[in-house]
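S.K.: My structure is below; once you've seen it, I'll send some questions.
The values are calculated or read from the model by the stated rules, or taken from the named source; none is laboratory data. All values reported here derive from a predicted model rather than from experimental measurement. Positions of Cβ are backbone-derived with ideal geometry, glycine not excepted, and every protein chain shown enters the neighbour counts.
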Amino acid sequence: MLTYTIRRLLLAIPTLLFISFIIFLIVKLSPSDPTAGLPLTIPPEVREQIRESLGVNQPVFVQYFRWLQLMVWNEPLHLIESWTGWQVGPEGPRIISYQTRSPVMELIMQRMPQTLWVVGISYIVGILIALPIGIISAYRQYSWFDQIGTFISMLGFSVPTFFTGVLFIVIFAVNLGWFPSVYDTTHVVTDWDSFVVQLKQIIMPVMVLGLFNASQISRFMRASMLDNLNQDYVRTARAKGLTEKVVVLVHVLRNSLIPVVTVIALNVPAVFGGAIITEQVFKVNGIGQLLIIAIQSGDVPTVQTVSFIFAVLIVLFNLIADVLYGVLDPRIRYD
């Protein structure tokens, strides 16, 4: 397992390099100007000097290798220094946002807690809802519980999150007035009352993302459980006199979780992508909203950096899913 993990990590390096170049090239080919947001009174020669200072007029390959160096070396060093306070190297240039003229990684780290708070809780809630529903639906196939679960799952997976979010706002915020329609990212939890306020404002975005995630995971869980319930080892376990609870929750569940782990692991980057729309609907000041604003304003460095972070997440969770295979199924060996 260790050899396989090291081999996959080494293989991830050229994969990420290729992905980074494609992302850089596609975003760079889009029409954008770092001086577009500046006042019109600025002379053209000054605008040209700004472009020169940002390296926009350099060849594409020169710009790419400069951005790659900042992304994989300078920015991690700055993050280590900011987290630990240790000086690990000389101060170097950083990836600067065209719009705010601030380091892009600082903008991302400022908004990361809000995204992780909403996305993390929604994914945990979705998994906790999906697994029991999938298990019970498979064990009681074609029952009323299975029929209702199938209907809700198909509905939750088919309806886009932006529509579900607006629907939740209309019902629970406008008509019933139970929850706020806008997520206040400046709110600080200091006592019980402030915790209740935080809980109320996070319920709707969490439920929107959680419903979407639970709908997909529960379908995979049900299909995997049905496939294993009909296997010979299940009949053998029952013939040995094992209780139905042990057969289902120990033998069948463990084997059924193997394909579901893939869905759970690979869906993590997709959840971040879905959060882009949800953050816009509920005005969550997270990474998704940062990416949308950067795209609208032509902020090329921010779009490139956020997109590359999503690519790293996809490669990383692919590796995590493969490693978990060997943990869940002793028959799987990579070495």
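S.K.: If you go through the range 190-203 one residue at a time, do you hit one that is of a type in the set (Lys, Arg), in a helix (DSSP H, G or I) and either closer than 21 Å to Ile133 by Cα or over 24 Å from the mean Cα position of the chain (by Cα) (or both)? Before the answer, list the steps.
M.R.: Quick first cut of the range 190-203, residues of a type in the set (Lys, Arg) only: 200.
Adding the requirement that they be in a helix (DSSP H, G or I) leaves 200.
Imposing the further condition that a residue be either closer than 21 Å to Ile133 by Cα or over 24 Å from the mean Cα position of the chain (by Cα) (or both) reduces the set to none.
Looking through the range 190-203, none of the residues is of a type in the set (Lys, Arg), in a helix (DSSP H, G or I) and either closer than 21 Å to Ile133 by Cα or over 24 Å from the mean Cα position of the chain (by Cα) (or both).
S.K.: For the list (1) in contact with a helix residue (DSSP H, G or I) (Cβ under 6 Å, 6 or more places away or on another chain); (2) under 24 Å from Thr262 (Cα atoms); (3) not in a helix (DSSP H, G or I), I need the number of the one condition that Gln99 fails.
M.R.: Here Gln99 clears every test but (2).
S.K.: Now, a different point. Pull out all pairs, ordered by first then second residue, where Cβ-Cβ is under 8 Å, the residues are six or more apart or on different chains, the first lies in the range 1-19 and is within 14 Å of Val315 (Cβ to Cβ), and the second is of a type in the set (Ser, Thr, Tyr) and not in a helix (DSSP H, G or I).
M.R.: As it stands, the answer is none, since no pair meets every condition given.
S.K.: Suppose we filter Leu209, Leu226 for residues that are in contact with a helix residue (DSSP H, G or I) (Cβ under 6 Å, 6 or more places away or on another chain) and within 16 Å of Tyr123 (Cβ to Cβ); which single one remains?
M.R.: Leu209
S.K.: Can Phe220 be described as at pLDDT 85 or above, out of contact with any Ser or Thr (no Cβ under 6 Å at 6 or more places or on another chain) and not aliphatic (A, V, I, L, M)? So that I can check it myself, show each step before the final result.
M.R.: On the way: at pLDDT 85 or above: yes; out of contact with any Ser or Thr (no Cβ under 6 Å at 6 or more places or on another chain): yes; not aliphatic (A, V, I, L, M): yes.
The answer is yes for Phe220.
S.K.: State whether the residues of the range 164-172 include one that is aromatic (Phe, Trp, Tyr) and assigned to a loop (DSSP other than H, G, I, E, B).
M.R.: The answer is no, given that none of the residues of the range 164-172 is aromatic (Phe, Trp, Tyr) and assigned to a loop (DSSP other than H, G, I, E, B).
S.K.: Mind listing just one residue for me: the one in the range 99-135 that is among the hydroxyl-bearing types (Ser, Thr, Tyr) and over 28 Å from Asn74 (Cα atoms) and, of those, farthest from the chain's Cα centre (by Cα)? Full working, then the answer.
M.R.: At the first step, the residues of the range 99-135 found to be among the hydroxyl-bearing types (Ser, Thr, Tyr) are 100, 102, 115, 122-123.
Next cut, over 28 Å from Asn74 (Cα atoms) only: 122-123.
Working: Ser122: 11, Tyr123: 9 Å.
The qualifying residue farthest from the chain's Cα centre (by Cα) is Ser122.
S.K.: Right, next: Are any of the residues in the range 140-152 in a helix (DSSP H, G or I), over 25 Å from the mean Cα position of the chain (by Cα), farther than 19 Å from Gly286 by Cα and of a type in the set (Ser, Thr, Tyr)?
M.R.: Yes, the range 140-152 contains at least one residue that is in a helix (DSSP H, G or I), over 25 Å from the mean Cα position of the chain (by Cα), farther than 19 Å from Gly286 by Cα and of a type in the set (Ser, Thr, Tyr).
S.K.: Also, quick follow-up: State the number of residues belonging to the range 276-305 that are assigned to a helix (DSSP H, G or I) and within 21 Å of Phe212 (Cβ to Cβ). Break it down into steps so the answer makes sense when it comes.
M.R.: Here is the first cut: in the range 276-305, the residues assigned to a helix (DSSP H, G or I) are 276-282, 287-297, 300-305.
Add one more test, that the residue is within 21 Å of Phe212 (Cβ to Cβ), and what stays is 276-282, 287-289, 291-292.
Summing the residues that are assigned to a helix (DSSP H, G or I) and within 21 Å of Phe212 (Cβ to Cβ) in the range 276-305 gives 12.
Residue by residue, here is whether (1) loosely packed, with under 15 Cβ neighbours inside 10 Å; (2) in a loop (DSSP other than H, G, I, E, B); (3) outside the structural domain of Val306 (by TED's automatic domain parsing); (4) modelled with pLDDT of 75 or more holds:
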site	(1), (2), (3), (4)
Ile6	yes, no, yes, yes
Ala12	no, no, yes, yes
Leu16	no, no, yes, yes
Ile19	no, no, yes, yes
Pro31	yes, yes, yes, no
Leu40	yes, yes, yes, no
Glu45	yes, no, yes, yes
Asn57	yes, yes, yes, no
Phe65	yes, no, yes, yes
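S.K.: Still on this structure, I have one more. Show the residue pairs meeting these rules: Cβ distance below 9 Å; 6+ apart or different chains; first residue within the range 303-314 and more than 11 Å from Ile108 (Cβ to Cβ) and at pLDDT 85 or above; second residue among the basic types (Lys, Arg) and surrounded by fewer than 17 Cβ atoms within 10 Å (Cβ to Cβ).
M.R.: Gln304/Lys28
S.K.: Hey, any hits in the range 239-259 for a residue that's in a helix (DSSP H, G or I), polar (S, T, N, Q) and within 25 Å of Ile129 (Cα to Cα)? If you could, list the steps in order and put the result at the bottom.
M.R.: Of all residues in the range 239-259, those in a helix (DSSP H, G or I) come to 239, 244-259.
Filter again for polar (S, T, N, Q), leaving 255-256.
Remaining after also requiring within 25 Å of Ile129 (Cα to Cα): 255-256.
Looking for residues that are in a helix (DSSP H, G or I), polar (S, T, N, Q) and within 25 Å of Ile129 (Cα to Cα), one finds at least one in the range 239-259, hence yes.
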